[in-house]
Each structure stands twice: as C-alpha cells, then as structure tokens.
1. Calculate the dipole size of the stretch B:378-454 relative to its Cα centre from +1 charges on Lys and Arg beta carbons and -1 charges on Asp and Glu beta carbons; express the result in debye to the nearest 20.
2. Residue by residue through the stretch A:56-68, which ³J(HN,Hα) values in whole Hz follow from phi under the Karplus form 6.51 cos²θ - 1.76 cosθ + 1.60 (θ = phi - 60°), with glycine and proline marked x?
3. For B:ASP499 and B:PHE408, calculate 0.36 nm times their separation in residues minus their Cα-Cα distance, and state this gained length in nm to one decimal.
4. So between A:ILE334 and A:ALA172, what do we pick up on full extension, going 0.36 nm a residue minus the alpha carbon distance?
5. With a 10 Å radius around each residue's Cβ, average the other Cβ atoms per peptide and rank B:63-71, A:259-267, B:25-33, highest first.
6. Along the positive direction of the dipole of chain A (beta-carbon charges: Lys, Arg +1; Asp, Glu -1; about the Cα centre), which of A:ILE305, A:VAL136, A:GLN204 reaches farthest?
7. Rounded to the nearest 500, what is the protein assembly as shown's calculated 222 nm mean residue ellipticity when only DSSP H runs of at least 4 contribute -39500 (n - 2.57) each, over all residues?
8. Quick check: from the Cα gyration tensor, does the stretch B:418-517 come out rounded (a/c under 1.5), prolate or oblate?
Amino acid sequence: MSALRRIGVSLFAPVLAVVVALVISSLVMAALQVNPFAVYEVMLDFGDSPSQQVTALVVVLNRAIPLFLAGLAVAIAFRMGLFNIGVEGQYRLATIIAAAVGAAVALPGWLHILLIIVVAMSVGAIWAAIVAVLKVTRGVSEVISSIMLNFIALGLASYLLTGPFRGSEEGASIIATAEIPASGQLGGLNSIFSAIGLASPPRQLYGFLPIAIVVGVVIAVLLNRTRFGFDLKASGLSPSAATASGVDARGMVIKTMLLSGAVAGLIGLPDLLGQTHRYTTDFTAGLGFLGIAVALLGRNKPVGIAFGALLFAFLDRSLVPLQIADYPASVVTIIQGTIVLAVVVANELARRIARRSAERGGAAPAPAPVAGDGGTGPASQAAPPTTPPSGGTDQRQGAQA
Amino acid sequence: MAATAGTGASGAGSVEGAPAGTAPYAVELRGITKRFPGVVANKDIELRVRRGEVHAIVGENGAGKSTLMKTLYGMHRPDEGSILVDGREVHFKSPADAIEAGIGMVHQHFMLADNFTVLENIVLGSEPTKGGRLDRAEARRRIRDISARYALDLDPDDLVEDLGVGARQRVEIAKVLYRGATILILDEPTAVLVPHEVDELFGNLRQLTAEGLTVIFISHKLDEVRRVCDAITVIRRGTTVGEADPRTTTVRQLAEMMVGAELPSPETRTSTVRDEPVLVLEDLTVLTPEGRALVDHVALTVRAGEVVGLAGVEGNGQAELVDAIMGLRPLASGTVRLDGGVTGDGSADRGGPALEDITAWSTRARREAGLGFIPEDRHRQGMLLDAPLWENRILGHQTRPPAAKGLFIDRRAARTDTERIMREYDVRAPGPDTLAVALSGGNQQKLIVGREMSSNPRLLIAAHPTRGVDIGAQAAIWELLKDARAEGMGILLISADLDELIGLSDTLKVMLRGRLVATLDPAGVTPEELGGYMTGARTAEGAA
C-alpha cells in the first residue's frame with residue numbers, strides 16, 4: 001500500500017530494461033573488441049572545467065526538451081491504444097510552416113512567439129487529424145496511415161523548403177527558410193546559471209524549457225485528473241467497456257489524435273526558436289521516432305517520459321566525445337536500440353507480474369498498465385470500433401476471451 | 001516429461017489408496033493445500049473420482065474450485081498433499097505433464113482461432129507431420145474417428161467461425177481427446193450454453209463415460225449437476241465439505257452444503273407496479289448490415305416499479321435490443337422514450353408527456369438521463385480489469401458526482417464512494433485501489449450492481465445480472481433488484497435463468513427471432529411452459 005512500494009514497482013521495468021540494455025551493449029562492444037568500460041567512461045566524462053561541465057549539461061537539456069515533447073505526443077495516443085507513428089512527419093511539417101510564418105510577420109515580442117507556437121500546434125494537429133478521420137470514417141489503421149503520411153509530410157516539407165518558403169541565396173550550400181526576426185526568437189536561460197553561481201556556458205539553455213515543463217504538467221493533469229483523461233484511459237484499456245460507459249469512441253480518436261498532433265507540432269520549436277531561427281535541410285530529424293522509444297521507456301507517464309528524454313539526450317550527447325576518442329559512435333545507437341527492445345520486454349514482464357500478484361489475491365496496488373506500453377495487454381490488440389458492430393460481434397468477442 | 005511415479009506405485013489393484021477390491025480411483029487428491037501470499041486458496045482438499053464417472057465439483061465463486069483445478073492440471077504445484085492418477089502419485093510441473101498423464105482441460109472461455117477449420121484448431125500444437133508437413137489426411141481420419149466414437153458430430157473441415165457455441169465447445173472437447181486425455185476437466189461448461197445445447201452436452205458426457213473416460217465437472221448450477229453427475233464433491237471456503245449422492249440429495253440440501261445457509265429464492269412479494277411508464281419502445285428495429293432484422297418491430301413498455309422480464313433463447317435479439325436501448329447500435333426504425341424525471345412519487349401529476357424521446361441521444365446522454373446498465377458480459381462491457389476498483393466505480397458515471405467535479409475527476413470522492421459500495425454491497429476486496437482483475441466474478445458483479453444502483457436510475461437494464469455468480473451473491477443481487485423495484489425503479493431483466501425470470505418479473509415477454517411473440521403472467525407459468533414459448537413450440541394463443 002505504501003507509496004514507496006508503488007514507486008518501486010513502477011521503476012522496476014525501466015531500470016531493468018536499462019540494465020539489460022547495458023549488459024547486452026557491453027557484450028556487443030566486447031565482441032567488437034572495444035572496451036565497454038572505456039566507452040562508458042567517455043560517455044560519463046562531462047569535461048574537467050566547470051564551464052565544460054555546464055556546457056555538457058546544457059547540451060543534454062537542450063536535446064531532452066524536444067525528446068520530452070516527442071515522448072509526450074506519442075504517449076497521449078498510446079494511452080488510448082493508438083499508435084501515432086506519424087509524429088515525425090507532424091513535427092517536420094509543423095516546424096517548416098511555423099518557421100515560414102514566423103519569418104513572414106513582424107509582431108511585438110511574445111505575441112510573435114505565441115503565433116509561431118499556435119501555427120506549429122495547428123499544423124501538427126491538422127496533419128494528425130487526417131489519420132484520425134481516415135480511421136473513424138474508413139477504418140484505416142492509424143499505424144499504416146501515419147507512417148505513409150510521414151513520407152508525404154517529408155516530401156511536402158522538401159517542396160516547401162526548396163519552393164515557396166525558400167529564404168536562402170540561390171546556390172547556398174544549405175537551403176533554408178528566411179530567418180525569423182528577433183522578436184520571434186526565444187532567448188536563452190543562462191542567467192539561471194549565473195544566478196546560482198555556476199559558470200555561464202557558451203551555449204544557451206533553450207528558453208523553451210519552461211514552456212515544455214508547462215506542457216508536461218498540463219498533459220499530466222489532463223490525462224490523470226480530468227474526465228477526458230479518464231475517458232481516454234478507459235478507451236485504451238477496453239474500447240467495448242468505454243463505449244458502453246458512454247464514451248464516444250470516434251470522437252475520442254479524433255480528440256486524442258488532435259492533441260497528440262498538437263504536442264508533436266511543438267517538437268521542432270526548441271531548436272527553431274532557440275538556436276537555428278530557420279528551418280534548414282539539416283534540421284534535426286528523427287525526433288518523432290525517438291519519441292516512441294522515450295514514451296515506451298517512460299511508460300507513457302509524463303514524469304517517466306522526462307527521465308527517458310534525459311537518458312536519451314545523455315546518450316546522444318556522447319556521440320561527439322566518443323568520436324573524438326576514436327570509438328565507434330554506433331555504440332550509442334546500439335544502446336538506444338537495445339533499451340527499446342528491453343523496455344518492451346520489461347514492460348510486458350512488469351504487467352504480468354502486476355496482474356499475477358493481483359489475481360493471487362495479494363492485490364498489491366500495482367500501477368495499472370497503460371494501453372500501448374508495448375505489452376500485449378487487452379488494449380493493445382483492441383482498436384476502438386470504427387464502424388458500428390454488426391451481428392455476430394458478441395460471439396467473436398466471446399471466443400476471443 | 002512424463003509424470004513421475006511415486007513410491008508405492010506398483011501394479012494396479014494392489015495400489016495404496018485404492019478402494020478394497022476395486023480398481024484404483026482415476027483421480028485422487030489427498031490433503032491438498034495451496035497457499036498464495038496472504039491467503040490459503042485450498043486447504044486439506046480430499047477428492048476421489050472413480051473411473052468412468054461424471055464427478056461434479058460444486059462450490060460458490062471464490063470457494064477455491066479454480067485453484068484446485070489448476071493444481072490438478074499442473075498450472076501450479078500444491079504446497080502440501082499428493083495427487084494420484086490411476087493410483088500412482090504424480091508431480092506435475094506444467095500442464096504438459098498433466099496432458100501426458102491423460103488429463104485434459106476444457107476451459108470455460110474457448111481458446112479457438114476463428115479463421116481456422118475444426119481440424120486446424122484441434123491439431124494446433126500437436127500437429128501430425130509427414131515429411132515435415134501437416135498430415136491432414138491422418139488428422140482428418142483421427143478427428144472423424146473421435147467425432148464418431150463420442151458422437152461429437154464435428155466436420156473437420158468446417159470453419160470455427162461458422163459454428164455455434166455448442167459446437168465450439170465440442171471442438172474444445174475433441175481437442176482434449178485428440179491429445180489422448182482419459183480424464184476431462186470441464187470448467188463451468190454450461191455457462192455459455194442455451195438449454196438444448198446443455199442437453200446435447202450431457203448426452204456427449206454420457207457417451208464419454210460409457211467409453212470409459214472420466215469427467216470432472218465444475219459448476220454451480222445445482223440442478224444440472226444433479227442431472228448429469230454420478231457423484232458430487234462440495235467445496236466451501238477452500239476446503240471440501242463432503243461428498244453427496246445426486247440421486248438422494250436435493251438441490252436445496254446441496255445449496256445448503258455450499259453456502260452453509262438457507263437457499264434464497266428469487267420470488268418477489270407484492271406488486272409495486274405504478275402507472276407511469278419509464279421506458280417506452282415503439283416499432284424498434286435493428287438490422288444487420290445485410291438487412292436481416294435482428295430486432296423486429298419491438299414495442300415494449302416498462303413502468304415505474306415494474307420488472308419486465310425478457311425471456312428467449314440466446315441469440316434471438318435480446319443483446320441487440322439492449323444495445324439499441326443503450327444507444328450502442330443504430331436503429332433502422334422506431335423510437336426510444338425515457339422518463340428522465342425525478343424519482344419517487346411526485347411524478348404523478350406529470351402524465352404522459354414527461355417521456356423524452358431519446359432515440360437520437362448518445363449513450364452518455366442516455367446514462368445521464370437515468371438509464372442504468374448491468375451488461376451481460378461484464379468483462380467486455382462492464383469493467384476495466386486492469387484498472388483499480390475506484391476507476392471501475394466511476395466507469396459509466398464519470399460525468400456526474402461523486403466521480404466528477406466539473407471537468408475533473410474527483411479521486412477522493414470516488415474512492416470514498418467505492419468504499420461505501422464495497423461496504424453496502426458486500427464487495428470483498430482489500431480496498432478501492434485493488435485491481436478489478438483480483439476480484440472473483442461475484443464480487444465484480446456486485447460492484448457493477450452497486451455502481452449502477454448508486455446513480456439511482458429511472459430504468460435499469462439488467463442483462464443476466466446473476467450469470468456466473470455464486471448463490472450468496474445471487475441472493476444479494478436479487479434482493480437489491482427487489483428493493484430498487486419497490487422504490488419505483490423500472491427494470492428490464494434479461495436472463496437465461498428461467499426461475500430467476502419467473503420469480504422476479506411482474507410481466508414476462510418472450511423474444512423469438514427478434515420479435516416479442518408472447519406476453520405471459522409470471523404467476524401462472526411454469527419454466528417448462530416458458531421454455532416452450534422460447535423455442536416457438538407454443539404460441540401466444542391463450543397466453544395471459
């Protein structure tokens with residue numbers, strides 16, 4: 001019953017996964033004749049001077065912010081048993097349009113930034129809505145349509161970048177949108193470091209951090225404390241029970257995907273507003289897919305996702321030092337990959353343990369498994385019915401039970 | 001893999017534990033005790049099953065029947081005691097060992113792949129191969145053989161999705177026989193069957209025992225147990241309380257052994273039917289996508305304080321009718337009107353127009369307007385098994401107090417109210433944070449009944465409210481329905497238990513092929529007559 005125990009149970013799966021991933025990665029490295037401990041040492045080495053250390057910290061945090069948002073976007077849909085694989089396309093398209101709109105207007109200070117945020121969220125939401133509409137009207141699996149829409153989004157973004165939104169010189173090595181004016185740029189937070197007496201690093205901590213935290217808190221409250229969140233969770237755990245309880249399954253698919261897409265639209269903004277101020281051909285890619293891993297690692301809970309994002313950001317930071325130290329950078333990819341695999345296995349393991357202990361009458365208040373946490377729970381196999389069930393559904397259900 | 005033979009197991013006949021001068025017991029359990037953390041699920045279980053008999057194990061839900069059967073089927077190992085099969089002590093490490101020893105289990109919930117044929121389902125997991133490929137001819141021959149020998153009437157090439165429930169169950173039985181089982185455990189086999197399918201099953205069971213197989217039959221339907229079984233072992237609170245002879249023991253005596261108390265009866269007292277209708281259905285029609293009528297022009301009125309019982313063989317449109325009233329299924333025609341007004345007697349002056357047409361309303365709006373729903377399949381429509389009890393308490397009521405405070409969920413009030421329901425409705429569970437999956441079926445059902453009653457609905461749809469529930473919980477649920485009726489709630493009761501229907505209802509309607517074919521007075525109808533109307537053998541002429 002104690003809170004301590006509850007925390008212990010919910011930590012079990014991710015910690016186990018990370019440990020297993022480290023063991024497997026070490027074995028792989030050993031097989032490649034690379035000393036894993038030397039590699040870990042390089043990864044953990046944040047530099048000697050305080051300035052270097054703070055810089056490393058800023059790099060990790062700056063990377064963790066978009067990963068956190070990506071994890072949130074994926075998790076919102078996961079909680080309902082929806083697999084939004086399209087986060088990648090949603091944020092890329094949202095970022096380029098937001099960058100173009102931001103560069104095209106001049107507004108005073110916060111209003112400018114607010115406009116960029118609203119545009120990004122709207123574009124992400126609209127792109128995700130296509131998936132939702134296809135699902136509720138035509139029964140198209142959201143996995144297929146969101147993956148396909150990724151390609152369309154990336155193609156569309158390329159077209160926009162080289163065509164109407166092009167802001168860079170003809171023949172420039174990097175094609176980019178026009179720069180967002182100063183009023184639409186978000187300053188850094190390095191004053192914090194000076195305030196607490198640390199050396200101010202050369203790199204700016206993104207000003208998007210507080211916004212991301214607010215988004216995280218809002219989403220956490222929305223998912224855990226509101227009627228909407230309850231409907232969403234119920235739909236994820238049992239679509240049939242949720243429908244019978246009065247949840248409108250189609251409406252929930254649309255609302256959830258809109259929300260997921262809106263958060264996905266934010267993913268590119270920390271970089272856009274804090275550093276690049278323009279969308280370029282080499283704008284950070286792949287965050288949407290990493291978001292899936294982060295959401296799995298965080299078990300679809302905002303706090304867990306924050307830790308997952310920090311871990312992945314930490315791994316990401318070590319890419320450069322590893323290359324400098326002449327170690328293969330693919331080590332990081334191996335660790336990330338094995339973490340994802342291990343997390344899926346560990347989540348399922350934790351779910352079974354929780355369920356078994358409940359069934360045995362021990363009735364530990366185990367954390368309720370959340371739909372789509374990679375387990376094979378009842379939710380992950382059951383998509384909400386998109387067409388009214390026809391006769392014979394009852395029998396089918398009965399036989400599956 | 002084979003079950004290990006214990007000490008003292010020599011040739012048959014001279015084996016320890018065998019009754020003097022006869023063959024050893026097919027199955028004998030001695031002093032089986034199984035503990036789980038914090039609970040003793042089984043204690044000193046004694047069970048003796050003779051070869052070639054149908055042996056029933058009866059007990060309330062949660063009495064420990066399932067634990068016992070899992071022990072016998074090798075799904076877990078007992079802490080104390082020994083298991084003897086044909087007089088030899090065995091130690092099962094897994095169900096594979098049990099199957100090896102000739103024990104087969106037919107689960108309550110079928111484990112069949114719909115899009116496979118009967119043959120494919122039966123051989124799945126132990127496929128006969130020839131040159132690395134599935135030897136269909138051999139499998140077909142063996143299945144035909146089994147089917148003919150035990151009168152299972154199965155065609156190996158039928159698709160399972162085309163089969164009815166009874167035939168699916170026979171596929172499950174064939175699956176077990178195919179693996180060479182001589183001792184069959186049937187877990188609540190009749191729970192999913194309609195009366196004539198039950199008769200067929202019992203015919204099959206007799207065929208099996210005539211061929212020398214042994215059947216262990218788990219049930220809490222006492223009249224069925226008495227009809228088919230040769231011996232009965234009663235379990236109460238985790239331990240065996242005795243054996244009974246079905247020929248000399250009455251249902252009442254058996255029930256008293258099971259619960260250690262008086263047998264409850266569903267009969268209601270005086271009529272509490274009032275004038276004002278709470279639910280009026282007119283010309284209600286539900287079609288399949290192909291245009292066949294599942295519910296065919298149904299008109300029905302439920303008045304305040306009235307229980308309208310809906311009788312019918314399952315699959316005659318009752319489930320679709322319920323879905324239509326709840327707004328879970330689109331209507332082809334017709335209207336649903338509900339009295340969503342205040343409860344109690346103050347409604348007399350409102351007259352007819354107080355009924356609201358809810359035909360176009362969403363399920364949520366209907367629930368908020370005063371429709372309560374006890375679904376027939378609580379796992380599918382009534383519960384979130386992986387969620388805590390308090391979340392199950394608010395399921396379906398998440399828009400209203402005590403579950404909601406504005407747009408937010410009021411967790412504290414929800415927990416407090418869950419505790420109240422657990423207290424008032426005798427839901428046995430450690431607390432509101434327990435996962436619903438941890439509760440026995442009866443306790444889950446009591447939670448659902450408690451939650452639906454708590455919102456004080458004007459009309460309650462109770463679909464099989466006591467299905468899969470033990471006698472103690474059944475009596476409690478009957479009592480709750482009677483009290484609610486007395487307070488003016490209208491109840492639409494759908495049940496396969498004819499005694500329950502006749503005992504609780506004020507009016508009985510019979511549904512056959514989507515139509516209401518007869519209206520009967522429960523005071524003057526016997527279960528046999530009712531059964532006649534349900535199958536269409538009798539018609540409405542002369543009915544009250």
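1. The dipole magnitude comes to about 100 debye.
2. Per residue, the Karplus-derived 3J(HN,Hα) values read 4, 4, 5, 4, 4, 5, 4, 7, 5, 4, x, 5, 4 Hz.
3. Details: separation 91, 0.36 × 91 = 32.76 nm, distance 4.38 nm.
Extra length from B:ASP499 to B:PHE408 when fully extended: 28.4 nm.
4. The span from A:ILE334 to A:ALA172 would gain 54.8 nm if fully extended.
5. Values: B:63-71: 23.1, A:259-267: 30.0, B:25-33: 20.7.
Packing order, densest peptide first, comes out as A:259-267, B:63-71, B:25-33.
6. The Cα lying farthest towards the positive end belongs to A:VAL136.
7. -14500 deg cm²/dmol
8. prolate
The values are calculated or read from the model by the stated rules, or taken from the named source; none is laboratory data. Since the model is a prediction, treat every value here as computed from it, not as a measurement. FYI the Cβ positions are ideal-geometry reconstructions off the backbone, even for glycines, and counts take in every protein chain you see. Please note that ligands, DNA and RNA were not included when accessible areas were found on the heavy atoms of the full protein model with its side chains. Shrake-Rupley method; radii C 1.70, N 1.55, O 1.52, S 1.80 Å.
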